Amino acid sequence: MKIIYIDGKRLYYAFLSGAQEVIANKKELNRINLFPVADGDTGSNLSRTLSVVKNEVVKDNSLTITLDSMGEAALKGAIGNSGIIFAQFINGLKNSVDREDNINVNKFAQAVENAVHYTYQGINNPIQLSLL
């Protein structure tokens with residue numbers, strides 16, 4: 001089945017799937033934690049942030065309602081640098097999507113790209129690390 005649009009429920013389930021993977025792999029994320037300091041807490045902080053969002057996100061048909069709730073929960077639950085960066089991304093995504101119930105995948109891809117730029121703007125001296 002080819003997905004041609006993203007609505008609130010599809011975003012909700014995609015987020016849950018991704019959050020569960022991050023939480024399941026939090027020890028590995030802690031192990032590879034290098035930025036901004038190798039303090040070994042990125043996986044723990046991001047997992048705690050995502051858990052707050054999981055508990056507070058509103059599953060709605062409307063993309064706008066779901067994104068609004070994700071943005072609020074991410075800001076409320078942001079812990080550490082990784083949580084703040086995630087919250088910045090989600091709010092950038094929210095700001096990049098017109099107030100609609102659903103959008104096509106091309107508009108969603110553009111919104112994600114815009115959210116990445118929004119996230120970079122919120123970080124002083126961002127550095128991309130390559131693990132390879």
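Tallying residues that are of a type in the set (Lys, Arg) and crowded, with 16+ Cβ neighbours inside 10 Å within region 91-106 yields 1. Among the residues of region 38-54, those that are among the aliphatic types (A, V, I, L, M) and surrounded by 21 or more Cβ atoms within 10 Å (Cβ to Cβ) comprise LEU46, LEU50, VAL53.
Residues that are surrounded by 14 or more Cβ atoms within 10 Å (Cβ to Cβ), modelled with pLDDT under 95 and out of contact with any Asp or Glu (no Cβ under 6 Å at 6 or more places or on another chain) occur in region 122-131; there is at least one. Contact map, region 4-28: residues that are closer than 15 Å to PHE86 by Cβ and in contact (Cβ under 8 Å) with a residue 24 or more places away in the chain paired with residues that are surrounded by fewer than 19 Cβ atoms within 10 Å (Cβ to Cβ) and not hydrophobic (A, V, I, L, M, F, W, C), Cβ distance under 6 Å, separation 6+ or inter-chain. Pairs shown: ALA19/LYS54. Within region 1-48, no residue satisfies the criterion of being on the phi > 0 side of the Ramachandran plot and outside any loop (DSSP other than H, G, I, E, B). Would a scan of region 55-68 turn up a residue that is touching a Leu at 6+ places or on another chain (Cβ under 6 Å), surrounded by 14 or more Cβ atoms within 10 Å (Cβ to Cβ), among the polar types (S, T, N, Q) and modelled with pLDDT under 95? No, every residue in region 55-68 fails to be touching a Leu at 6+ places or on another chain (Cβ under 6 Å), surrounded by 14 or more Cβ atoms within 10 Å (Cβ to Cβ), among the polar types (S, T, N, Q) and modelled with pLDDT under 95. Can you tell me how many residues in region 91-122 are farther than 16 Å from LYS9 by Cβ and either among the aromatic types (Phe, Trp, Tyr) or in contact with a Ser or Thr (Cβ under 7 Å, 6 or more places away or on another chain) (or both)? Residues meeting the conditions: 7.
When you check ALA38 against the structure, is it closer than 22 Å to HIS117 by Cα and of a type outside the set (Val, Ile, Thr), yes or no? Criteria not met by ALA38. Every condition in (1) surrounded by fewer than 18 Cβ atoms within 10 Å (Cβ to Cβ); (2) without any contact (Cβ under 8 Å) to a residue 24 or more places away in the chain holds for ASN33 except the one numbered (1). The condition of being more than 20 Å from GLY8 (Cβ to Cβ), modelled with pLDDT under 90 and out of contact with any Asp or Glu (no Cβ under 9 Å at 6 or more places or on another chain) holds for only one of GLY40, GLY83, that being GLY40.
Scanning region 49-107 for residues that are among the basic types (Lys, Arg), part of a helix (DSSP H, G or I), closer than 25 Å to LYS2 by Cα and over 13 Å from the mean Cα position of the chain (by Cα) yields a total of 1.
The values are calculated or read from the model by the stated rules, or taken from the named source; none is laboratory data. Here the structure is a predicted model, which means the values were calculated and not measured. Here Cβ is always computed from backbone atoms with ideal geometry, including for glycine, and neighbour counts include all displayed protein chains.
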